[in-house]
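First comes the structure, then the notes that go with it.
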Amino acid sequence: MKTYAYGRELRLLTPEHFQQVFNSSPRKFACRLYTILICKNNLDNPRLGFTISKKKAKKAVDRNRIKRVAREQFRLHAADLPNIDMVFIARQGIAEQSSAEIARELNITWQKIRKFSKKF
């Protein structure tokens, strides 16, 4: 049975975890709204971290909405994703997009990551 929780084990928490992804990222998935860097981990689950600067989304309410939508989409698809660490990097213009548009783009990206993971 799939579990849909989003606990601490599914998050990148420390600067060292983020730095590991930035330094050893073998692949990135990009769209017009964001870039996701990935690297393999030795855990039993995927993990996700966020970098959304004030330059990309000026208002805190927008940054929080983007993270909330991305976390929810990740939570729903985490059981189907490979054991990788991912960093979500927002691009200019993401704050103007609707939550549904961000969710749609993320669904496409999760499919690409699953397809790529078969070669990983």
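Here is how the numbers come out for the structure above:
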quantity	calculated
For residue 61: the one exception among (1) touching a strand residue (DSSP E or B) at 6+ places or on another chain (Cβ under 6 Å); (2) exposed (fewer than 15 other Cβ atoms within 10 Å of the Cβ); (3) at pLDDT 95 or above; (4) farther than 17 Å from residue 112 by Cβ	(1)
Members of the range 75-96 that are part of a helix (DSSP H, G or I), touching a residue at least 24 places away in the same chain (Cβ under 8 Å) and more than 19 Å from residue 4 (Cβ to Cβ)	94, 95
Residue in the range 47-65 that is in a strand (DSSP E or B), at negative phi and of a type in the set (A, V, I, L, M) present	yes
Residue 45, sole failed condition from (1) within 20 Å of residue 115 (Cβ to Cβ); (2) surrounded by fewer than 18 Cβ atoms within 10 Å (Cβ to Cβ); (3) among the polar types (S, T, N, Q); (4) in contact with a strand residue (DSSP E or B) (Cβ under 8 Å, 6 or more places away or on another chain)	(4)
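The values are calculated or read from the model by the stated rules, or taken from the named source; none is laboratory data. These numbers come from a predicted model, not from an experiment. A quick note on method: Cβ atoms are made from the backbone with ideal geometry, for glycine too, and the neighbour counts reach across all protein chains shown.
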